[in-house]
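**Q** Submitted below is the structure of interest, expressed as structure tokens.
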Amino acid sequence: MSDTPDRQTPGATDTRPVRPSEQLDWESLAAYLRALMPGMADVSFDADAPLEVEQFPGGHSNLTYLLRFGREEFVMRRPPFGPVAPKAHDMAREFRILRSVHPVFPLAPRPLLLCEDAQVVGSVFYLMERRRGLVVRGEEPPQLEGRPRERRRAGAAVVDALAELHAVDVGAHGLVSLGKPAGFVERQVRGWAERWHRSRTGELPEMDALAAWLAERLPPDPARPALVHGDYKLDNVMLDAGDVRRVVGVFDWEMSAVGDPLVDLGILLGYWVHTAAAARRDDSVATVTDREGWLTREEILERYGSRTGFDLKGVGFYEVFAVFKLAVVLQQIFFRYQRGQTDDPRFAALGERVSWLAHVAAQLAEKQ
């Protein structure tokens with residue numbers, strides 16, 4: 001058994017050796033899977049092969065590992081180490097969401113197995129299928145680097161996939177049980193404001209003012225609720241490596257629900273437009289979408305609006321909320337870092353990023 005393989009399977013360059021502080025009991029995991037998975041329908045599993053483990057390095061909260069048994073590969077998701085915010089990092093809920101969403105929105109990966117026995121690896125976890133393609137984070141792959149035309153095609157595909165998600169008829173497919181559409185945005189604003197207060201490590205008046213600004217300007221519930229991804233951004237989307245005009249996967253469904261689809265549009269714009277000016281390319285909120293060819297804010301709104309028919313006049317509220325929410329997400333991680341609950345060096349500068357995001361959101365609010 002190895003957690004630092006000396007080879008890379010073709011197409012697996014998005015993985016790295018497991019960080020020392022995020023190792024698990026791999027022998028316990030292997031024994032559990034060998035006992036359970038050979039009898040599962042529609043799952044190929046080589047029980048005689050040794051377990052190899054790598055880690056997907058992107059993201060800042062839940063831990064995502066690549067498990068390999070011979071030629072068979074699976075993706076494992078589990079919560080971060082240490083205490084977490086109430087109702088956050090609920091892997092059982094994410095698994096059940098995928099189980100409901102995958103049949104009607106195949107870009108969501110197929111979930112395979114949920115383990116709620118924390119004795120196996122120290123927490124609840126689940127396995128899903130492994131998909132292959134391009135995930136664009138702080139740098140671009142050769143298929144996009146210096147190629148404005150391909151960037152534009154990729155951007156259009158990302159917007160179209162979001163419109164496709166929001167076109168799913170939640171009533172016809174029995175998905176309303178995934179959330180309570182009435183009052184969705186109000187609960188989101190209140191919940192993230194409460195998380196801010198629980199995780200604050202100092203005074204930041206702009207965040208308090210933003211929480212009040214959002215609470216005072218809540219939009220009405222939409223006429224037709226939709227599946228809301230909850231964290232829809234470029235690096236949660238996988239593009240076809242052979243044709244960037246195609247999306248082949250949408251990941252990280254932890255915050256999904258049924259509610260106002262413009263929450264997703266605001267999140268996409270928040271990352272795509274409003275954090276694109278991050279100071280460093282290795283910044284935790286850096287993106288590549290400020291480069292020539294990637295769709296502009298206006299182009300995103302035009303394309304999404306034409307495909308959904310939604311009224312987008314009030315989208316500015318959702319953009320402010322998206323940046324506010326991102327600031328809270330990073331603050332929660334920084335809170336854990338300061339308390340010694342994680343030692344990932346990427347988190348040391350998150351306090352500065354939270355202040356910067358608060359300023360960005362405050363400037364957006366002033367323009368509304």
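**Q** Suppose we filter the range 26-42 for residues that are farther than 23 Å from Ala118 by Cα and among the hydrophobic types (A, V, I, L, M, F, W, C); how many remain?
**A** The number of residues fulfilling the criteria is 1.
**Q** Considering Val104, Val136, Val120, which residue is over 20 Å from the mean Cα position of the chain (by Cα) and either outside any helix (DSSP H, G or I) or in the same structural domain as Arg291 (by TED's automatic domain parsing) (or both)?
**A** None of the others qualify; the one that does is Val120.
For every residue, the table says whether it meets (1) buried (at least 21 other Cβ atoms within 10 Å of the Cβ); (2) under 19 Å from Trp272 (Cα atoms); (3) in contact with a Phe, Trp or Tyr (Cβ under 7 Å, 6 or more places away or on another chain).
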position	(1), (2), (3)
Asp311	no, no, no
Gly316	no, yes, no
Val328	yes, yes, yes
Gln331	yes, no, yes
Phe334	yes, no, yes
Gly340	no, no, no
Pro345	no, no, no
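**Q** Let me ask something else about it. Among the candidates Leu98, Leu178, Leu107, which residue alone is touching a helix residue (DSSP H, G or I) at 6+ places or on another chain (Cβ under 9 Å) and at pLDDT 95 or above?
**A** None of the other options fit; the residue is Leu107.
**Q** Restricting to the range 29-56, name every residue that is in a helix (DSSP H, G or I), at pLDDT 85 or above and over 28 Å from the mean Cα position of the chain (by Cα).
**A** Matches in the range 29-56: Ala31, Arg34, Ala35, Leu36, Pro38.
**Q** So, in the range 167-185, of the ones that are hydrophobic (A, V, I, L, M, F, W, C) and assigned to a loop (DSSP other than H, G, I, E, B), which residue ends up farthest from the chain's Cα centre (by Cα)?
**A** Only one residue fits best here, namely Ala172.
**Q** Answer yes or no as to whether Phe125 is in the same structural domain as Thr64 (by TED's automatic domain parsing) and under 23 Å from Ser28 (Cα atoms).
**A** Yes.
**Q** What are the residues in the range 227-263 that are farther than 17 Å from Leu98 by Cβ and surrounded by 21 or more Cβ atoms within 10 Å (Cβ to Cβ), if any?
**A** Listed by number, the residues that qualify are Lys233, Leu239, Val244, Gly259, Asp260, Pro261, Leu262, Val263.
**Q** OK, next. If I ask for residues that are free of Cβ contacts under 8 Å to residues at least 24 places away in the same chain and assigned to a strand (DSSP E or B), which ones from the range 233-250 would you list?
**A** Across the range 233-250, the qualifying residue is only Asp243.
**Q** Being surrounded by fewer than 21 Cβ atoms within 10 Å (Cβ to Cβ) and outside any helix (DSSP H, G or I) is the filter here, so list the residues in the range 139-165 that pass it.
**A** Glu139, Glu140, Pro141, Pro142, Gln143, Glu145, Gly146, Arg147, listed by residue number.
**Q** Restricting the search to the range 191-205, which residues are part of a helix (DSSP H, G or I), surrounded by 15 or more Cβ atoms within 10 Å (Cβ to Cβ) and basic (Lys, Arg)?
**A** Within the range 191-205, Arg195 is the sole residue that qualifies.
**Q** Scan the range 99-121 and report the pairs whose first residue is touching a residue at least 12 places away in the same chain (Cβ under 8 Å) and whose second residue is in a helix (DSSP H, G or I) and β-branched (Val, Ile, Thr), with Cβ atoms within less than 6 Å and a gap of 6+ or a chain change.
**A** Ala108/Val101
**Q** I'd like to check something: does the range 211-223 contain any residue that is at pLDDT below 95 and under 22 Å from the mean Cα position of the chain (by Cα)?
**A** no
**Q** Ok, one more. Determine which single condition Val158 fails, assuming it passes every other condition in (1) free of Cβ contacts under 8 Å to residues at least 24 places away in the same chain; (2) among the β-branched types (Val, Ile, Thr); (3) assigned by TED's automatic domain parsing to the domain that holds Asp290.
**A** Only one criterion is unmet by Val158, namely (1).
**Q** While we're looking at this one, here's another question. Just to verify a result, which residue in the range 39-50, among those that are closer than 18 Å to Met128 by Cβ and without any contact (Cβ under 8 Å) to a residue 24 or more places away in the chain, is surrounded by the fewest Cβ atoms within 10 Å (Cβ to Cβ)?
**A** Ala41
The values are calculated or read from the model by the stated rules, or taken from the named source; none is laboratory data. Note that this is a predicted model, so its numbers are computed, not measured. Note that we place each Cβ from the backbone using ideal geometry, even for glycine, and neighbour counts take in every protein chain shown.
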